[in-house]
């Protein structure tokens, strides 16, 4: 979405869009026995599609939730474009930092798993 907003920074009457933040509380639903499971229904469910007969079938209730929020910005130019490049660059930096943190957490968990899998004394 950020790349789309930056690419359309010179498009007349373009309003920037952003993804709605994922919320586990919204995505969870109760089953008949009262258990909470992931798979609530959202405005635009994302489902996996089997494009080859060799692919595994998607599990039931594997839909996620996202919505594209088109927001009018307070800084519109004369041509009606509302993209503020500084905001988009800040969001891009925030996304990059979030991705780097997720990778670091993943690498640390792999290191811990390898240490736990080693034979004692080695």
Here the qualifying pairs (Cβ atoms under 9 Å; residues six or more apart or on different chains; first in the range 95-122 and at pLDDT 90 or above; second assigned to a helix (DSSP H, G or I)) come out as 95/2
Is there a residue in the range 65-73 that is farther than 20 Å from residue 3 by Cα, modelled with pLDDT under 75 and in contact with a helix residue (DSSP H, G or I) (Cβ under 9 Å, 6 or more places away or on another chain)? yes
Would you confirm, using the coordinates I've provided, whether residue 81 is at pLDDT 65 or above, in a loop (DSSP other than H, G, I, E, B) and either in contact with a strand residue (DSSP E or B) (Cβ under 6 Å, 6 or more places away or on another chain) or surrounded by 13 or more Cβ atoms within 10 Å (Cβ to Cβ) (or both)? yes
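The values are calculated or read from the model by the stated rules, or taken from the named source; none is laboratory data. Treat the numbers as computed from the prediction; the structure is a model and nothing was measured. Positions of Cβ are generated from backbone atoms using ideal geometry, with glycine treated the same way; all protein chains shown enter the neighbour counts.
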